[in-house]
């Protein structure tokens, strides 16, 4: 029997790039038209149709998509935007870049998504113009409760779907609930264009402003009606989008199948809590994130067994040095506990049956102190 310790390391993520993507990229290179053109428009139309909204604007990254979405909705100087302290910092960075200020609210201990009661308390305490909800790890937020809060307070809702391609809540795709939503196509996501992002909206005025912000040339050469950026997606990146999108549901189902096998194997471990999938939610497992009480020895054990792993996220955004310098702090007990306990394991669709067995064996043979 092959020793697990001498076998190849199982990576935490593995982008799947097919022949069609390669061929389409070569087609763009041969054309000599590398900037936003036909491939970008094709990808925008296909992605908008998949999510179920009429407008999509491609961008250079998920981070730039966030900033564009906020500014296109008119969020700016002096505005407050409620969001989570427990995610990648691009979410709150974009709020600051737009001239607004993030208001952090604690998260739910089961899902790690924003706690609706904490959102309500934050809005009542500090006021807010908008809510930026992150569908973390591929699990959609409780959109019933969030929708009720948004309506009650007249908030703008932006969905951060950077980790939620194909996720759904009560059958409706994540990214179709808000006034605007964003996606990222970084290589660790469920689909990739290398780098890239997308802003989606049902509001044609928001879409028009987003397009002007992404590419100031939209209204014509040297005609500038807004102070925009150069946040364009290239045709080289966009060429990969449609074939990636066509495989997304199938590859998401492979992630879900792998997640079910992992959860079945881990559900009786008293020292580990597997991820949950609440009623009505369709989790797409961009990350399979467990909670463990004694994380450091467990991580060392996984490293010895050749199982890649990652902590998403080891520090709350308002507790990082840059945010403390801006006057952020605050207590977020649930999120703080998560920073000490979460650990993500391989779940991606490139896992073989042997890989999955190795992950399960490595986890179940660990003996906590």
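Just so you know, all these numbers are worked out from the coordinates, no wet-lab data involved. Since this is a predicted model, take the numbers as computed values, not measurements. Neighbour counts are summed over all protein chains in view; Cβ atoms, including those assigned to glycine, are modelled from backbone coordinates with ideal geometry.
The calculated FRET efficiency for the pair residue 219 and residue 121, based on their C-beta separation and a Förster distance of 45 Å, comes to about 0.55. Mind running the shape call on the chain? Use the C-alpha gyration tensor, a ≥ b ≥ c as the square roots of the eigenvalues: rounded below 1.5 for a/c, prolate if a/b tops b/c, oblate otherwise. Judged from the Cα gyration tensor, the chain comes out oblate (a/c at least 1.5, b/c at or above a/b). Were the residues from residue 315 through residue 144 laid out at 0.36 nm apart, the gain over their Cα-Cα distance would be 58.7 nm.
Take every pair of alpha-carbon atoms less than 8 Å apart whose residues are at least six positions apart; their mean separation over the length of the chain yields a relative contact order of 23 percent.
Modelled this way, with points 7 Å down the Cα-to-C-beta line, the labels at residue 279 and residue 77 are 4.9 nm from one another.
With a Förster radius of 22 Å applied to the beta-carbon distance between residue 299 and residue 329, the computed FRET efficiency rounds to 0.20.
Packing order of peptides 73-85, 7-19, highest average first: 73-85, 7-19 (average count of other Cβ atoms within 10 Å over each peptide's residues). With the simple model of a label 7 Å out from the Cα in the direction of the Cβ, residue 257 to residue 153 spans 4.2 nm. Computed from the Cβ-Cβ distance with R0 of 22 Å, the FRET efficiency linking residue 42 to residue 172 stands at 0.35. Here the sum of -39500 (n - 2.57) over DSSP H runs of 4 or more residues, divided by the residues of the chain, equals -12000 deg cm²/dmol at 222 nm, to the nearest 500. May I ask for the distance between the Cα centers of region 148-192 and region 283-338, given as a whole number of Å? Between the Cα centres of region 148-192 and region 283-338 lies a distance of 22 Å.
Placing pseudo-labels 7 Å out from each Cα toward the beta carbon at residue 17 and residue 29 gives an inter-label distance of 1.0 nm.
Per residue, the average separation of C-alpha pairs within less than 8 Å and at least 6 apart gives region 126-179 a relative contact order of 40 percent.
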